[in-house]
1. Restrict the check to region 33-42 and report whether at least one residue is in contact with a helix residue (DSSP H, G or I) (Cβ under 6 Å, 6 or more places away or on another chain), without any contact (Cβ under 8 Å) to a residue 12 or more places away in the chain and among the hydrophobic types (A, V, I, L, M, F, W, C).
2. In region 29-41, which residue that is aliphatic (A, V, I, L, M) and in contact with a Lys or Arg (Cβ under 9 Å, 6 or more places away or on another chain) is farthest from PHE13 (Cα to Cα)?
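Taken together, the values in this text are just the output of simple stated rules run on the coordinates, not laboratory data. A quick note: this is a predicted structure, and the numbers were derived from the prediction, not measured. We place every Cβ from the backbone using ideal geometry, glycine too, and count neighbours over all the protein chains shown.
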Amino acid sequence: MPRRPRRNHTPAFKAKVALAAVKGEKTLAELAQAFDVHANQITAWKA
């Protein structure tokens with residue numbers, strides 16, 4: 001399986017994902033799947 005090319009996310013996208021995580025309506029795993037990013041990345045953006 002070929003590796004996916006490195007992606008650069010905009011600050012607006014990071015803020016949208018982090019705010020969704022802070023709201024707590026969905027789990028990190030659900031958000032990670034919905035936004036197609038890793039759960040650890042969401043945690044980093046929250047911080």
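1. Looking through region 33-42, at least one residue is in contact with a helix residue (DSSP H, G or I) (Cβ under 6 Å, 6 or more places away or on another chain), without any contact (Cβ under 8 Å) to a residue 12 or more places away in the chain and among the hydrophobic types (A, V, I, L, M, F, W, C).
2. Per the criteria, the residue is ALA34.
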